[in-house]
Each structure stands twice: as C-alpha cells, then as structure tokens.
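What follows is a single structure, written as structure tokens, with notes after it.
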Amino acid sequence: MTTIDTRPVETPTMPDRRTVPFSAGLAAAGLVLGSAGNTLQPLLGQVLGGRPDEVAEQIRVAGEHEALVTATSLSGTIAVPFMAIGFIAAAHLLARRARRTGIVAGTLLVLGMFGFMAVQTAELIQLTAMLDPDGAAAATYLHGMDSQPLLAILFGAPFMLGCVLGMLTLTIGLLVTGAGVPRWIPAAWLLFILLDFSIGGVGPVDPHWLYFAGAVGLAHHVLRDGGRAWRNA
C-alpha cells in the first residue's frame, strides 16, 4: 500500500541580497550628531557676531573669545564624519527604490564631506596660529590660501559641488520615489540647501535648523519599530 507524505515540503530560500552599510543605531547617531554639530557652528558664530573679513580682526576676536571661537571651530569639524554617516544612511534608503540615484547621491555627498573636512581642518590650523602670540604672520598666510587655485580645485570644488549636487540628487530622489521616507524630510533638506548656498541665515534664523529637523525626523524613521524601515523588513 502506498502512503502519501503530507508533510509540508521545505523549499530552499534564496539568500537576501539586500544589505545595510551599518546598524540602524549608527545611522541615527550619524544623522542627529552630524546635523547638531553642523547647526551649532553657525549658531555659535552668531553669538560671536559673525566672522570678520580682516585677519587682524579675526585674531582680536579669537583672543577675546578663545573658548567660544574654539568651540565653534571644533563643533563643525567633529560633525563632519557623523554628517557623512547620516548622508550615507539617507542615500541607502533612496537606493532601495532608485539604486543608481542613491549611489550617485551618496558618492557626491561623501566627496562633499571630504572637501568639507579639509576646509574645517584648515580653519582649525588657522585658529591655532591666531591663538599663538607670534602667529599673526602664519594666520595671515593661511587666510590667503583660500584663493589658491590648486587648493580650490582639490578641496573647494569637491565641497561645493559634492554637497550641492549630492543634496539636490538625494532630496529630489526621495521626493519623487518616496522610498518609505516621510516627504517633509527631503522637502526640509531641499529648502535648507537652497537657502544655505544662496541667502544664508537671515538675522537669528539660520537654515541649518531645517537640516537638523529633517535629520532628527529621519533618525526617528530609521529607529522606529526596532529599525524595521532600515532593514526593509
């Protein structure tokens, strides 16, 4: 007598090819810490009354407000690696729906962060020279390096092009595809990049608050439901 095996047949499952670059916790930390440090820098700059154009005046301000000037420079510099992590996280979410667009946006933004780190590091070195009693000549020399064509190509161009084009690609891509991200987040970031690279801050209102708000919102999106959106479960 023939018996029929009614047990369910186990079918082999294909491995999930979707990968995540790092944990949801690190993604959220990068988004929040990077945007917070980047926002704190211009806010502290407003407390100082802005950055003078003349080196002699910059040296005077640095000498009178050493702690505040140092905190302003350090907050921006330390923020850059976290900003890079946050942008990679956002680009990763976009790549789920639009792979090529996400890769292009992430690549441009990482390139922009490379240039931004170089700019921030140069400002730290100049600050060190300004705080040195005998560093006026060095501070003046470093200030003049901004106009050097080679340095502008190596660092200035990646910063400007990478950040602007990367943010435009990222935000427009997220707005068009959705990518499961609340659309107010890329809308806030798009408005931020347009204002920051055009009119900048208007009085006490700085566009970096838009970047910070969008980053906090995206961090919440990444972490909610145990990181479900991040894992694309």
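The values are calculated or read from the model by the stated rules, or taken from the named source; none is laboratory data. Quick caveat, the model's predicted, so the values are computed rather than measured. Please note: Cβ atoms are built from the backbone with ideal geometry, for glycine as well, and neighbour counts cover all protein chains shown.
Scan segment 181-203 for residues that are exposed (fewer than 15 other Cβ atoms within 10 Å of the Cβ) and at pLDDT below 90 and jot them down.
Matches in segment 181-203: Phe197, Ser198, Ile199, Gly200, Val202, Gly203.
Quick one: Ala215 ticks every box in (1) part of a helix (DSSP H, G or I); (2) modelled with pLDDT under 95 bar one, so which box is it?
Going through (1) part of a helix (DSSP H, G or I); (2) modelled with pLDDT under 95 one by one, Ala215 breaks only (2).
Among all residue pairs at least 6 apart or on different chains, which show Cβ distances below 6 Å where the first residue, located in segment 166-179, is more than 17 Å from Ile85 (Cα to Cα) and the second is of a type in the set (Val, Ile, Thr) and not in a helix (DSSP H, G or I)?
Leu174/Val181
Find all pairs meeting these conditions: Cβ atoms under 7 angstrom apart; at least six residues apart or on different chains; first residue within segment 194-207 and on the phi < 0 side of the Ramachandran plot; second residue at pLDDT below 75 and crowded, with 16+ Cβ neighbours inside 10 Å.
These pairs meet every condition: Pro207/Gly201.
Is it the case that some residue within segment 204-211 is closer than 18 Å to Leu109 by Cβ and surrounded by fewer than 18 Cβ atoms within 10 Å (Cβ to Cβ)? Outline the logic, then answer.
Of the residues in segment 204-211, the ones closer than 18 Å to Leu109 by Cβ are 207-208, 210-211.
Imposing the further condition that a residue be surrounded by fewer than 18 Cβ atoms within 10 Å (Cβ to Cβ) reduces the set to none.
Checked against the condition, which is being closer than 18 Å to Leu109 by Cβ and surrounded by fewer than 18 Cβ atoms within 10 Å (Cβ to Cβ), segment 204-211 yields no hits at all.
Just name the residue that is modelled with the highest pLDDT out of those in segment 153-179 that are surrounded by 15 or more Cβ atoms within 10 Å (Cβ to Cβ), more than 18 Å from Ile193 (Cα to Cα) and not polar (S, T, N, Q).
This residue is Ala179.
Could you give every pair whose Cβ atoms fall below 7 Å, whose first residue belongs to segment 46-59 and is closer than 17 Å to His208 by Cα, and whose second residue is modelled with pLDDT under 75, counting only separations of at least 6 or pairs across chains?
Close Cβ pairs (under 7 Å, with a partner that is modelled with pLDDT under 75) amount to Gln46/Pro204.
For a quick check of your reading: which helices (runs of 4 or more DSSP H) sit entirely within segment 1-108 and have at least 3 residues that are modelled with pLDDT under 80?
The qualifying helices (runs of 4 or more DSSP H) are 55-64.
It is to be established whether one or more residues within segment 84-102 are closer than 11 Å to Gln41 by Cα, within 15 Å of the chain's Cα centre (by Cα), surrounded by 17 or more Cβ atoms within 10 Å (Cβ to Cβ) and not polar (S, T, N, Q).
Scanning segment 84-102 turns up no residue that is closer than 11 Å to Gln41 by Cα, within 15 Å of the chain's Cα centre (by Cα), surrounded by 17 or more Cβ atoms within 10 Å (Cβ to Cβ) and not polar (S, T, N, Q).
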